[in-house]
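S.K.: Below you will find the structure I want to go over with you.
The values are calculated or read from the model by the stated rules, or taken from the named source; none is laboratory data. Worth saying up front: this structure is predicted, and the values here are computed from it rather than measured. A quick note on method: Cβ atoms are made from the backbone with ideal geometry, for glycine too, and the neighbour counts reach across all protein chains shown. Each accessible area value is taken on the protein alone, full model and side chains, heavy atoms only, with ligands, DNA and RNA left out. Shrake-Rupley method; radii C 1.70, N 1.55, O 1.52, S 1.80 Å.
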Amino acid sequence: MKGIERLSFYTSRYYIDLKTLAAARGIDPDKYLVGLGQEKMSVAPPDEDVVTLAATSAKQALEGINREDIGMLLVATESGIDQSKALGIWVHHLLGLPKNARVVELKQACYAGCAGLQLGLSYLETHPNKKVLVIATDIARYGLNSPGEPTQGCAAASFILSTSAKLVAFEKEHGIFTSHVMDFWRPNYSETAFVDGKFSTKIYLEALEECWNSYKEASNRTFADHAKFCYHLPFVRMALKAHERLAKLAEGEFDIAQVSDSFTYSRSVGNSYTASLFIGLASLLETSQEDLANKRIGFFSYGSGCVAEFFSGCVLPGYKAHLKADLHAQILHDRQALSLAEYEEFFNFRLPEDGSTFFCSPYNTKAFRLRGIDKHERLYEPTCC
Ligand code: CAA
């Protein structure tokens, strides 16, 4: 059965409460809590970056997996650290993955994680005895005092794809929509994203309609054939609106329980771009009180620019034994709240760009940390635990 054998995510050990942010920006907190549906937002300290997030989540996902079986490592990100070298090579090195594994970085905004999933499943057609490690890792940055500020966040999700799936097996039908739109982008010279916020939410919903229509045509499935839905989660309210729109379009019966469990983790992590869909899946599988075995999930991935896809998968019997619910609950619970000044200090931190040597002060990271930079080369190290 082809699909996800293991799934794990990791987010920074620091967050800002959106009530703190709202008070500082002179905004009614209900705009963030109700209007956007978000409560907290993870913030990366100076020695945590997309590589340490990725490597830590992958280390967790690889527990109990024979690393020699990994034939391919695909890393999806839109906050990459190098124009040439694939981020996955640092992860490959930090985790001691096999020398004969193919490693490549994927980019198409938040859609790239879904591209990793589909490419990984295709690879398994010709390499059924291998496994694929897919990592989606991102730090969402819009800028202090910008409308996008409360929709920032950071996290990485890692999953192992194999022919011995334990969590979700995917079906082959899908609906894809690609269109040249400038709703969100980040030129090479910019640290923060450029975004036409209202336009991006409109395109997200239009792309959902297009994808659903072609998925429906390919699969002949109806809204009611899906017990649960996982959407790309820039913020919870966006996914809620998407679900309302889909129920109407597909003449289905809207029920908040079809989506609410998938929101739990993202509500307090914030946007993690490529990772958010898979954190939504972890949240659904791990926080739902229902037995989801044999239930079909509809997935919607949206990457600005834009490429979007609707696809489906079924939860496998026995899935609960392979979840990492306790670990994930602990990661979220153990985070430390930042004051506004600490959040702004983390946000404004930059590594030197002139080739000088710089060592980062140690903050609280989990398995790995960015030690510093020397002659333009980033240096990483495992932490003591
Ligand atoms: N109490 C309750 N609700 C309130 C409120 C209050 N006091 N004040 C405002 N609201 C509601 C508003 O009515 C609005 O709800 P509706 O959408 O139902 O009208 C909601 O809160 C948000 O308010 P605004 O529309 O006024 O918010 P804004 O314009 O300041 O910013 C945003 C919203 C455009 C999403 C902005 O945060 C942004 O640009 N975010 C980044 C872009 C983004 O996330 N786009 C999502 C689609 S693109 C994508 O998905 C890819 C990706 O990951 C980026």
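S.K.: So which of TYR10, TYR14 is in contact with a strand residue (DSSP E or B) (Cβ under 8 Å, 6 or more places away or on another chain) and open to solvent by less than 10 Å² (accessible area, probe 1.4 Å)?
M.R.: Working: TYR14 fails: open to solvent by less than 10 Å² (accessible area, probe 1.4 Å).
Matching residue, one of TYR10, TYR14: TYR10.
S.K.: Let me ask something additional. Can you pull out every residue in the stretch 294-333 that is over 20 Å from SER266 (Cβ atoms), without any contact (Cβ under 8 Å) to a residue 40 or more places away in the chain and among the polar types (S, T, N, Q)?
M.R.: ASN294 - this is the single residue of the stretch 294-333 that is over 20 Å from SER266 (Cβ atoms), without any contact (Cβ under 8 Å) to a residue 40 or more places away in the chain and among the polar types (S, T, N, Q).
S.K.: Within the stretch 39-50, can one find any residue that is part of a strand (DSSP E or B), crowded, with 20+ Cβ neighbours inside 10 Å and more than 16 Å from the ligand (Cβ to nearest atom)?
M.R.: The answer is no; no qualifying residue exists.
Yes/no per residue for (1) surrounded by 20 or more Cβ atoms within 10 Å (Cβ to Cβ); (2) within 16 Å of the ligand (Cβ to nearest atom):
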| residue | (1), (2) |
| --- | --- |
| SER57 | yes, no |
| ASN66 | no, no |
| SER84 | no, no |
| VAL91 | yes, no |
| ALA101 | no, no |
| ALA115 | yes, yes |
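S.K.: Then there is this: Scan the stretch 144-154 and tell me whether some residue there is in a strand (DSSP E or B) and within 13 Å of the chain's Cα centre (by Cα). Steps first, please.
M.R.: Let us first name the residues in the stretch 144-154 that are in a strand (DSSP E or B), namely 153-154.
Now narrow it down to the ones that are within 13 Å of the chain's Cα centre (by Cα): 153-154.
There is at least one residue in the stretch 144-154 that is in a strand (DSSP E or B) and within 13 Å of the chain's Cα centre (by Cα).
S.K.: Restricting attention to the stretch 145-181, report how many residues are over 27 Å from LYS216 (Cα atoms), in contact (Cβ under 8 Å) with a residue 60 or more places away in the chain and surrounded by fewer than 16 Cβ atoms within 10 Å (Cβ to Cβ).
M.R.: Residues that pass the stated criteria total 2.
S.K.: Shifting gears a bit: Restricting to the stretch 183-194, count the residues that are near the ligand (Cβ under 9 Å from one of its atoms) and in contact (Cβ under 8 Å) with a residue 60 or more places away in the chain.
M.R.: Within the stretch 183-194, the first condition is being near the ligand (Cβ under 9 Å from one of its atoms), and the residues that meet it are 183-184, 193.
From what's left, in contact (Cβ under 8 Å) with a residue 60 or more places away in the chain: 183-184.
So the answer is 2.
S.K.: A further question on this structure: For the stretch 195-222, give me each residue that is within 11 Å of the ligand (Cβ to nearest atom), surrounded by fewer than 16 Cβ atoms within 10 Å (Cβ to Cβ) and outside any helix (DSSP H, G or I).
M.R.: ASP196
S.K.: Give the residue that is farthest from the chain's Cα centre (by Cα), with candidates limited to residues of the stretch 127-143 that are within 16 Å of the ligand (Cβ to nearest atom) and assigned to a loop (DSSP other than H, G, I, E, B).
M.R.: Restricting attention to the stretch 127-143, the residues satisfying the condition of being within 16 Å of the ligand (Cβ to nearest atom) are 136-143.
Subsequent filtering for residues that are assigned to a loop (DSSP other than H, G, I, E, B) retains 141-143.
Numbers: ARG141: 14, TYR142: 17, GLY143: 20 Å.
By that ranking, first place goes to GLY143.
S.K.: Buried (at least 24 other Cβ atoms within 10 Å of the Cβ) and closer than 13 Å to LYS228 by Cα: which single residue out of PHE278, PHE300 fits that description? Working first, answer last.
M.R.: On the way: PHE278 fails: closer than 13 Å to LYS228 by Cα.
From the options PHE278, PHE300, the qualifying one is PHE300.
S.K.: Further, regarding this structure: Is the stretch 295-304 home to any residue that is within 16 Å of the ligand (Cβ to nearest atom) and in a loop (DSSP other than H, G, I, E, B)? Walk me through it before giving the result.
M.R.: Of all residues in the stretch 295-304, those within 16 Å of the ligand (Cβ to nearest atom) come to 299-304.
Cutting the leftovers down to in a loop (DSSP other than H, G, I, E, B) gives us 304.
Checking the stretch 295-304: at least one residue is within 16 Å of the ligand (Cβ to nearest atom) and in a loop (DSSP other than H, G, I, E, B).
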